[in-house]
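**Student:** The following block contains the structure, expressed as structure tokens.
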Amino acid sequence: MRRLSLVLLLIALLIPTGAIRVSAQTAGPIYVVQAGDTLTAIAIKFGTTVDELISANGIADPSSIVPGQEIVIPGFESISGRLTTRAIEFGETMESLSLRYGVPQPDLIRLNRVIRPDRLYVGQEVILPENPEDGAGLSSARRWLLKPGESVLEAAVRAGVSPWSLDRNDTAVRTWRTPGELLAAPGGEEPPIGLPEPVLAVQVEPSPATQGRTMVVRILLAAPAWAEGRFDSWALGFFSDDAQNLVGMQGVHAMLEPGFYDLQIDLYASEGGARTYQFSQPIRVRSGGYGFDPILSVPPETVDPANTEPEDALFDSVVNVRSPDKLWDGGFSYPSTYFTDAFPSVFGTRRNYNNLGYRFYHTGLDFYGGTGVEIHAPARGRVAFADSLTVRGNTTIIDHGWGVFTVYMHQSEILVQAGQLLEAGETIGLVGGTGRVTGPHLHWEVRVGGVPVDPLEWVERAFP
């Protein structure tokens, strides 16, 4: 008997005091303690108090909670299962999350301490139940839009579902709705999102977006449809990458202030048809971390607005076109075998010409090379412009389709003409020192949706 008592005493000493708790008297979701957690931090995270956590979990020693320990979070009796964290995807709303996980919206908002539930941004971290109670939410759903003048009952009859299957997270069916509002009910094949069928998902890459980088938006469809869009002030064109799915690309301006900007998508039943739905959601843009170049002395006429403004307007008219045919395949090559990965000036650095202030930035990538070095097309494309300009010097612009252009400035000689179809590797011109330069070099740009992006990312990876 004494030996048994000693064994039990040793077991008790080996078990952390904080891990011993009586069965929680309060129902609610389970949080798994992480390394570095304290009860105070957990209480702040979920908007409760240390005393409430202790009471709900029967914790004997608040100072000795350990990683892996399960703690019930009081005040959320409608939520069950372990809690996990994941990022918001485009098209997800508090309503769609509520339907999917079977959690009333007010509780979901309170769990995440969301101030603007109507402004969930793509990539925002939200806390959700990992394994919601069976039958609590919609693992899959049908989604459709309420027509003007149509009641919820009429919409349910049209869709062939019971009106009582709608809004499973509400205590009663809402009879008031607005035209164009999204309805959801069991019977589909995909988790509910804030976009109507036939949209399966909208993927935004990267998230968050970065100054001076290319943002890719893919719309995955269950049936053919069409879309247009807008990111902040830039129109976003979509193109079909196969039988149904759509892809659009847009450069994020290198001088765009870090913050949140709306990505809007307009859905159409077919190209050229009437718009069926519009959805907008914030995208976070972060800094590209660009530095500053030394003050540069250049010919005064190359920074004179009388020359720069009309030239910029002409240039923009060329690169703001979206040709429907995608001509390139895979990643881009450097525009010459002579060039190495050592660059006199990289993309995005802030510039000060003739001591006018750092209100300019480097829109491309500069390459070393003396006058006469050959310049090659980095990918298949069609020459959109080939002429001499005051600021940019002898300039060639290649249209690769889908709003993607490459630009070659300051050439000593242009060897192609507008309209010419080029294959990757073809010689297009020779390095020079024309225009706004301090010496012979090649200035190479990549523009997506009219906006300059870092050319290196188009060399380092393949875009769709």
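The values are calculated or read from the model by the stated rules, or taken from the named source; none is laboratory data. As the structure is a computational prediction, the values presented were derived from the model and not from experiment. In this analysis, Cβ positions are derived from the backbone assuming ideal geometry, glycine residues included, and neighbour counts consider all displayed protein chains. All accessible areas refer to the heavy atoms of the entire protein, side chains included, with ligands and DNA or RNA removed. Shrake-Rupley method; radii C 1.70, N 1.55, O 1.52, S 1.80 Å.
**Student:** Just the residues that are assigned to a strand (DSSP E or B) and of a type in the set (Gly, Ala, Ser), please, taken from segment 58-102.
**Tutor:** Once the filter is applied, which keeps residues that are assigned to a strand (DSSP E or B) and of a type in the set (Gly, Ala, Ser), segment 58-102 yields only Ala87.
**Student:** Next question. Among the numbered criteria (1) at pLDDT below 90; (2) open to solvent by less than 10 Å² (accessible area, probe 1.4 Å); (3) farther than 27 Å from Val216 by Cβ; (4) not basic (Lys, Arg), which one does Leu111 miss?
**Tutor:** (1)
**Student:** Something else about it: Take Pro192 and decide whether it is open to solvent by less than 30 Å² (accessible area, probe 1.4 Å), at pLDDT below 90, in a loop (DSSP other than H, G, I, E, B) and closer than 28 Å to Tyr261 by Cα.
**Tutor:** Yes; evaluated as a whole, the condition is true for this residue.
**Student:** Taking segment 259-277, which residues are surrounded by 13 or more Cβ atoms within 10 Å (Cβ to Cβ) and free of Cβ contacts under 8 Å to residues at least 60 places away in the same chain? Walk me through it before giving the result.
**Tutor:** Taking segment 259-277 first, the residues surrounded by 13 or more Cβ atoms within 10 Å (Cβ to Cβ) are 260-269, 276-277.
Answer for segment 259-277, where residues must be surrounded by 13 or more Cβ atoms within 10 Å (Cβ to Cβ) and free of Cβ contacts under 8 Å to residues at least 60 places away in the same chain: Tyr261, Asp262, Gln264, Asp266, Tyr268, Ala269.
**Student:** So, one more: Out of everything in segment 368-419 that is in contact with a Leu (Cβ under 7 Å, 6 or more places away or on another chain), assigned to a strand (DSSP E or B) and of a type in the set (Ser, Thr, Tyr), what residue ends up being surrounded by the fewest Cβ atoms within 10 Å (Cβ to Cβ)?
**Tutor:** By that ranking, first place goes to Thr395.
**Student:** Okay, next question. Search segment 197-222 for residues being out of contact with any Asp or Glu (no Cβ under 8 Å at 6 or more places or on another chain) and not in a strand (DSSP E or B), and hand back the single one that is most open to solvent (accessible area, probe 1.4 Å).
**Tutor:** Out of the qualifying residues, it is Glu197.
**Student:** Testing Arg436 on (1) closer than 30 Å to Val217 by Cβ; (2) surrounded by 19 or more Cβ atoms within 10 Å (Cβ to Cβ); (3) out of contact with any Leu (no Cβ under 8 Å at 6 or more places or on another chain); (4) not acidic (Asp, Glu), one condition comes back false. Which one is that?
**Tutor:** Among (1) closer than 30 Å to Val217 by Cβ; (2) surrounded by 19 or more Cβ atoms within 10 Å (Cβ to Cβ); (3) out of contact with any Leu (no Cβ under 8 Å at 6 or more places or on another chain); (4) not acidic (Asp, Glu), Arg436 violates only (1).
**Student:** With respect to Arg284, determine if the residue is at pLDDT 95 or above, farther than 20 Å from Val446 by Cβ and either surrounded by 12 or more Cβ atoms within 10 Å (Cβ to Cβ) or of a type in the set (A, V, I, L, M, F, W, C) (or both).
**Tutor:** So Arg284 fits the description; yes.
**Student:** Take Val451 and tell me if it is under 33 Å from the mean Cα position of the chain (by Cα), hydrophobic (A, V, I, L, M, F, W, C) and either crowded, with 19+ Cβ neighbours inside 10 Å or at pLDDT 95 or above (or both). Quick ask: steps written out before the conclusion?
**Tutor:** Numbers: under 33 Å from the mean Cα position of the chain (by Cα): yes; hydrophobic (A, V, I, L, M, F, W, C): yes; either crowded, with 19+ Cβ neighbours inside 10 Å or at pLDDT 95 or above (or both): yes.
Considered against the rule, which asks whether it is under 33 Å from the mean Cα position of the chain (by Cα), hydrophobic (A, V, I, L, M, F, W, C) and either crowded, with 19+ Cβ neighbours inside 10 Å or at pLDDT 95 or above (or both), Val451 comes out as yes.
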